[in-house]
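All remarks here apply to the structure that follows.
The values are calculated or read from the model by the stated rules, or taken from the named source; none is laboratory data. A quick note: this is a predicted structure, and the numbers were derived from the prediction, not measured. Methodologically, a virtual Cβ is constructed for each residue, glycine included, from the backbone with ideal geometry; neighbour enumeration extends over all protein chains shown.
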């Protein structure tokens, strides 16, 4: 399977401890077909009110937030099925939280 485009939200098997959950594809598809991996931002329903959590109003996951502190890179084989796609504006909200978490200045940071 080829890596899906940035901005799509997929159900992903993150393993026994973290379970299957919706995740935002953050990375871009690689031209290297022998190295099919994606970097994800998981969606959580256990919101703690952190400035690194981004509640994006979408229909597909249950109410919750994308957690910038949970960045993970997994093989494309862990992706189960696409459940939606975020708009460019919604992606920027998540990017801003990631930049805050990593201490990166960004023009999209608030």
Qualifying residues in region 52-86 (those that are under 22 Å from residue 17 (Cα atoms), touching a strand residue (DSSP E or B) at 6+ places or on another chain (Cβ under 8 Å) and in a loop (DSSP other than H, G, I, E, B)) - the one modelled with the lowest pLDDT: 61
Subset tally (residues that are surrounded by 18 or more Cβ atoms within 10 Å (Cβ to Cβ) and in a loop (DSSP other than H, G, I, E, B)) for region 21-51: 1
Among the residues that make up region 100-108, is at least one of them in contact (Cβ under 8 Å) with a residue 12 or more places away in the chain, part of a loop (DSSP other than H, G, I, E, B) and surrounded by fewer than 20 Cβ atoms within 10 Å (Cβ to Cβ)? yes
Surrounded by fewer than 18 Cβ atoms within 10 Å (Cβ to Cβ), outside any helix (DSSP H, G or I) and at negative phi: is that true of residue 17 in this structure? yes
Of the candidates 12, 58, the one satisfying the condition of being surrounded by 14 or more Cβ atoms within 10 Å (Cβ to Cβ), touching a residue at least 24 places away in the same chain (Cβ under 8 Å), within 17 Å of residue 84 (Cα to Cα) and over 13 Å from the mean Cα position of the chain (by Cα) is 58
